[in-house]
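Engineer: So that we are looking at the same thing, I have put the structure below in structure tokens.
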Amino acid sequence: MKVLVTGSSGLIGSEAVEYYDSKGHQVVGIDNNMRATFFGEKGDTTWNLNRLQKATQNFKHYSVDIRDRENLFNLFENNPFDLIIHCAAQPSHDKACQIPLLDFEVNALGTINLLEATRQFCPEAVFIHMSTNKVYGDAPNELDLVEQEKRYDYANPEDFNGITEACRIDRCLHSLFGASKTAADVVAQEYGRYFGMKVGIFRGGCLTGPSHSGVELHGFLSYLVKVAVTGGTYKVFGYKGKQVRDNIHSYDVIQAFEAFRHNPRPGEVYNLGGGRNNSISILESFDLIEELTGKKVNWVYVDQNRIGDHICYISDLSKLKTHFPEWDITKSITDIFQEIIISEQKKLKVTA
């Protein structure tokens, strides 16, 4: 099988590269390190590309910009792909307002370029689109919430499992990132439903793991652990630090993609996160880090939440588990924290 991974030096992309390479497949990765353009030196993913090139056997990397239709189409014409995993994106909720045209070009235009290249050159391929829960904008904040000591949670029993795919994606505040990703999400659905292509859309919550190049504007757990391990100061933006996210390890994300690959449902949309059991607030995260490292987390509070940010977001995984009963979460929230802590401690020793 020949696999294309976009954003191959990022968190989910690199996990996909390693997984499919380990299974003996040919893997082509495209990544032009735009994360460094978005976030500066701290967002640079060159370290991860170097790691992949040492760790893999059948991986070829190309520095292709997904906005560059001509080069992209040439790549597809010369490589009949069986599976496309599209992870490349401008990923920051906050950064998008500073670079609105670049954000939209990468997220929306880049996605339709890839979908059309697939339709023209390998229409039978399975296409996985990594979307985001930000397509729901701030609509999830309309659910009744209860404030607890260290987190917000859903007040009504029917909301216990979290946000379903039935949550609306319009008539709400998204952030420009949410809008560009919504455009990509809907056009990906259309290529599945209108053209009958094997396109699956996965609306990720907090995707995480030790290969994440977390920065303040993107990469919640990775950045939080990095700050804690290095003795820096973490900024909490609003909601008293009680905002909740469900976290999923990059390995479990790839296993969801694999489940879809084996039984594709054209144009289907799935919420993909850690679910209720892997949900945690920022204050609870501080407690867990301190428990696992023995180090006090330094943090300051900024009494202004990020625009359009979710107060409590837990992914309801019912649809995904119903369609693919063989899939489930394998990495607990504690497992995830431990892996990232160990990874960051190793990096700290290397640079010391």
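The values are calculated or read from the model by the stated rules, or taken from the named source; none is laboratory data. Treat the numbers as computed from the prediction; the structure is a model and nothing was measured. In this analysis, Cβ positions are derived from the backbone assuming ideal geometry, glycine residues included, and neighbour counts consider all displayed protein chains.
Engineer: Which one of Gly162, Gly209, Gly205 is at pLDDT below 95, at positive phi and touching a strand residue (DSSP E or B) at 6+ places or on another chain (Cβ under 6 Å)?
Structural biologist: Checking each option against the conditions leaves just Gly209.
Engineer: Give the residues of the stretch 93-142 that are surrounded by 24 or more Cβ atoms within 10 Å (Cβ to Cβ), part of a helix (DSSP H, G or I) and small (Gly, Ala, Ser), sorted by residue number.
Structural biologist: Once the filter is applied, which keeps residues that are surrounded by 24 or more Cβ atoms within 10 Å (Cβ to Cβ), part of a helix (DSSP H, G or I) and small (Gly, Ala, Ser), the stretch 93-142 yields Ala96, Gly110.
Engineer: I'd like to verify a number: residues in the stretch 162-194 that are surrounded by 15 or more Cβ atoms within 10 Å (Cβ to Cβ) and part of a loop (DSSP other than H, G, I, E, B), how many?
Structural biologist: 7
Engineer: Looking only at the stretch 272-304, which residues are among the basic types (Lys, Arg) and either under 14 Å from Phe220 (Cα atoms) or in contact with a strand residue (DSSP E or B) (Cβ under 8 Å, 6 or more places away or on another chain) (or both)?
Structural biologist: Across the stretch 272-304, the qualifying residue is only Arg276.
Engineer: Can you tell me which residue in the stretch 291-346 is farthest from the chain's Cα centre (by Cα), limited to those that are without any contact (Cβ under 8 Å) to a residue 24 or more places away in the chain and assigned to a helix (DSSP H, G or I)?
Structural biologist: Among residues in the stretch 291-346 that are without any contact (Cβ under 8 Å) to a residue 24 or more places away in the chain and assigned to a helix (DSSP H, G or I), the one farthest from the chain's Cα centre (by Cα) is Glu291.
Engineer: Continuing with this model, one more query. Does Val229 count as outside any strand (DSSP E or B) and farther than 25 Å from Asp103 by Cβ?
Structural biologist: So Val229 fits the description; yes.
Engineer: Hey, another quick one. For residues that are within 22 Å of Arg203 (Cβ to Cβ) and surrounded by 20 or more Cβ atoms within 10 Å (Cβ to Cβ), tally how many sit in the stretch 224-251.
Structural biologist: Matching residues across the stretch 224-251 total 9.
Engineer: Between residues in the stretch 55-73 that are free of Cβ contacts under 8 Å to residues at least 12 places away in the same chain and residues that are acidic (Asp, Glu), which pairs lie under 9 Å by C-beta distance while being six or more apart or on different chains?
Structural biologist: If the second residue must be acidic (Asp, Glu), the pairs left are Asn71/Asp65.
Engineer: Also: If you check Gly275 against the conditions, is it at positive phi, buried (at least 18 other Cβ atoms within 10 Å of the Cβ), modelled with pLDDT of 95 or more and under 19 Å from the mean Cα position of the chain (by Cα)?
Structural biologist: Considered against the rule, which asks whether it is at positive phi, buried (at least 18 other Cβ atoms within 10 Å of the Cβ), modelled with pLDDT of 95 or more and under 19 Å from the mean Cα position of the chain (by Cα), Gly275 comes out as yes.
Engineer: If you don't mind, there's one more thing I want to ask. Which of (1) over 29 Å from Ala155 (Cβ atoms); (2) buried (at least 19 other Cβ atoms within 10 Å of the Cβ); (3) of a type in the set (Asp, Glu) does Asp335 not meet, given it meets every other one?
Structural biologist: Tallying (1) over 29 Å from Ala155 (Cβ atoms); (2) buried (at least 19 other Cβ atoms within 10 Å of the Cβ); (3) of a type in the set (Asp, Glu), Asp335 fails exactly one: (2).
Engineer: Looking for something under 25 Å from Asn133 (Cα atoms) and among the hydroxyl-bearing types (Ser, Thr, Tyr) - is there at least one such residue anywhere in the stretch 40-62?
Structural biologist: Yes, there is a match, as at least one residue in the stretch 40-62 is under 25 Å from Asn133 (Cα atoms) and among the hydroxyl-bearing types (Ser, Thr, Tyr).
Engineer: Considering (1) surrounded by fewer than 16 Cβ atoms within 10 Å (Cβ to Cβ); (2) assigned to a loop (DSSP other than H, G, I, E, B), say which one Val146 fails and leave the rest.
Structural biologist: All conditions are met except number (2).
Engineer: From His323, His310, His262, grab the single residue that is buried (at least 17 other Cβ atoms within 10 Å of the Cβ) and either farther than 17 Å from Met130 by Cα or modelled with pLDDT of 95 or more (or both).
Structural biologist: Result: His310 is the single residue among His323, His310, His262 that is buried (at least 17 other Cβ atoms within 10 Å of the Cβ) and either farther than 17 Å from Met130 by Cα or modelled with pLDDT of 95 or more (or both).
Engineer: Here is a check on your reading of the model: is Thr118 over 25 Å from Ile280 (Cα atoms), over 20 Å from the mean Cα position of the chain (by Cα) and of a type in the set (Val, Ile, Thr)?
Structural biologist: yes
Engineer: Output the number of the condition that Arg51 fails; it satisfies all remaining conditions of (1) assigned to a helix (DSSP H, G or I); (2) crowded, with 21+ Cβ neighbours inside 10 Å.
Structural biologist: If we test Arg51 against (1) assigned to a helix (DSSP H, G or I); (2) crowded, with 21+ Cβ neighbours inside 10 Å, just (2) comes out false.
Engineer: Go through the stretch 26-48 and report how many residues are at pLDDT 90 or above, part of a helix (DSSP H, G or I) and surrounded by 22 or more Cβ atoms within 10 Å (Cβ to Cβ).
Structural biologist: Residues in the stretch 26-48 being at pLDDT 90 or above, part of a helix (DSSP H, G or I) and surrounded by 22 or more Cβ atoms within 10 Å (Cβ to Cβ): 1 in total.
Engineer: Also, I was wondering about something else. Kindly indicate the residue of the stretch 54-65 that is part of a loop (DSSP other than H, G, I, E, B) and out of contact with any strand residue (DSSP E or B) (no Cβ under 6 Å at 6 or more places or on another chain) and also farthest from Gly7 (Cα to Cα) among those meeting that condition.
Structural biologist: Restricting to residues being part of a loop (DSSP other than H, G, I, E, B) and out of contact with any strand residue (DSSP E or B) (no Cβ under 6 Å at 6 or more places or on another chain), the top hit is Gln57.
Engineer: Same structure again: Consider the stretch 232-251. How many of its residues are touching a Cys at 6+ places or on another chain (Cβ under 8 Å), closer than 12 Å to Asp309 by Cβ and part of a strand (DSSP E or B)?
Structural biologist: Looking only at that region, the number is 2.
Engineer: Turning to a different aspect of this structure: So, in the stretch 273-290, how many residues would count as being in contact with a helix residue (DSSP H, G or I) (Cβ under 6 Å, 6 or more places away or on another chain) and either without any contact (Cβ under 8 Å) to a residue 24 or more places away in the chain or assigned to a strand (DSSP E or B) (or both)?
Structural biologist: Final tally of qualifying residues: 1.
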